[in-house]
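*Asks:* First the structure, which I've put down as structure tokens, then a few questions once you've had a look.
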Amino acid sequence: MLKDALPHCMGVVYDGAFRGVHRDALARAGLLAINKQHGSVAPVFYERISPCRSGHELWCDQGRIAESIRIDDGTRILEPLPITKLEHRAGAAKSRWYHVLKIPCRHGDHDYRVPVGITTTPADRTLRCVDTGKRIKSDSERGFHRAEYLQQIPEASLTHQLLYPYRADSESVHSQFDQSLWNRRMIAYGVDRQKIFVLGFALSQNATSHQIHLQARINAQQVLRIA
């Protein structure tokens, strides 16, 4: 799932403190935001579509689209819909992201595309209804915070489970960076100087890791010769 977009993108791995407003800024810049959904985000109705006689009621739940279905005892549950692809469309000013969904149906499965990660505003590209040609209101005009409810990589997905553990590695590196500074404070003034300082630290870490990797290979080869 979502593998098509990953080789071409970079992003941020963060915890639940990241909210929709942060994910929106990253997604517009063409980056991925990988974080846990905030616990206060409750399910919300998205829309009802009728590609067949049955119709399908879609909700936002746990960072993705789910379908409201009735089970044997008569109650309704929200069943997450399979995401077959994460589409990234880069524009001149901003990026757009979509989930390509597979909606199971007794009349035949339906493919359905849903924008994710970005809460559109009146300043964004105007969308129009296919049937009437009338302008479709943006998310902010409708009071729908899309970036808050629909993540690029939902927490309850295999891709998220594979990528989120990298946060522990990044936190460790951040701690080493802080400890390398005098009094744990940045020693350079201005954004440009600070960027150069951080880049130098990253290069030194990569060089050290590369040397350790090479030394481990040499040691392994020596053990094989002795054996």
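*Asks:* Do you know which of the residues in the range 162-181 that are under 19 Å from Leu199 (Cα atoms), out of contact with any helix residue (DSSP H, G or I) (no Cβ under 7 Å at 6 or more places or on another chain) and among the hydroxyl-bearing types (Ser, Thr, Tyr) is modelled with the highest pLDDT?
*Replies:* Ser175
*Asks:* Sort through Arg70, Arg96, Arg48, Arg23 and tell me the only one that's in contact (Cβ under 8 Å) with a residue 24 or more places away in the chain and in contact with a strand residue (DSSP E or B) (Cβ under 8 Å, 6 or more places away or on another chain).
*Replies:* Residue meeting the stated conditions: Arg23.
*Asks:* So, in the range 216-227, of the ones that are small (Gly, Ala, Ser) and assigned to a helix (DSSP H, G or I), which residue ends up modelled with the highest pLDDT?
*Replies:* Among them, the one singled out is Ala216.
*Asks:* With the structure loaded, tell me whether Lys85 is under 15 Å from Ile153 (Cα atoms), among the basic types (Lys, Arg), touching a helix residue (DSSP H, G or I) at 6+ places or on another chain (Cβ under 9 Å) and open to solvent by 70 Å² or more (accessible area, probe 1.4 Å) or whether it fails that test.
*Replies:* Considered against the rule, which asks whether it is under 15 Å from Ile153 (Cα atoms), among the basic types (Lys, Arg), touching a helix residue (DSSP H, G or I) at 6+ places or on another chain (Cβ under 9 Å) and open to solvent by 70 Å² or more (accessible area, probe 1.4 Å), Lys85 comes out as no.
*Asks:* On the basis of being open to solvent by 20 Å² or more (accessible area, probe 1.4 Å) and of a type in the set (A, V, I, L, M, F, W, C), does Ala66 make the cut?
*Replies:* Considered against the rule, which asks whether it is open to solvent by 20 Å² or more (accessible area, probe 1.4 Å) and of a type in the set (A, V, I, L, M, F, W, C), Ala66 comes out as no.
*Asks:* Tally time: how many residues in the range 24-40 are in a loop (DSSP other than H, G, I, E, B) and of a type in the set (Gly, Ala, Ser)?
*Replies:* Looking only at that region, the number is 4.
*Asks:* Tell me, please, whether a residue that is polar (S, T, N, Q) and at negative phi can be found in the range 148-155.
*Replies:* Checked against the condition, which is being polar (S, T, N, Q) and at negative phi, the range 148-155 yields at least one hit.
*Asks:* Run Ile77 past the list (1) open to solvent by 30 Å² or more (accessible area, probe 1.4 Å); (2) in contact with a strand residue (DSSP E or B) (Cβ under 6 Å, 6 or more places away or on another chain); (3) over 26 Å from Phe18 (Cα atoms); (4) among the β-branched types (Val, Ile, Thr) and report the number of the one that doesn't hold.
*Replies:* (2)
*Asks:* Could you tell me which residue of the range 42-57 is nearest to Ala17 (Cα to Cα), considering only residues that are assigned to a strand (DSSP E or B) and open to solvent by 70 Å² or more (accessible area, probe 1.4 Å)?
*Replies:* Phe45
*Asks:* If Cys60 meets every condition in (1) without any contact (Cβ under 8 Å) to a residue 40 or more places away in the chain; (2) assigned to a strand (DSSP E or B) apart from one, which number is that one?
*Replies:* Result: Cys60 passes all but (1).
*Asks:* In the list Gly39, Gly11, which residue meets the criterion of being open to solvent by 70 Å² or more (accessible area, probe 1.4 Å) and either at pLDDT below 90 or aromatic (Phe, Trp, Tyr) (or both)?
*Replies:* Checking each option against the conditions leaves just Gly39.
The values are calculated or read from the model by the stated rules, or taken from the named source; none is laboratory data. None of these values were measured; they are calculated from a predicted model. FYI the Cβ positions are ideal-geometry reconstructions off the backbone, even for glycines, and counts take in every protein chain you see. Surface accessibility is based on the protein's heavy atoms, side chains included, excluding ligands, DNA and RNA. Shrake-Rupley method; radii C 1.70, N 1.55, O 1.52, S 1.80 Å.
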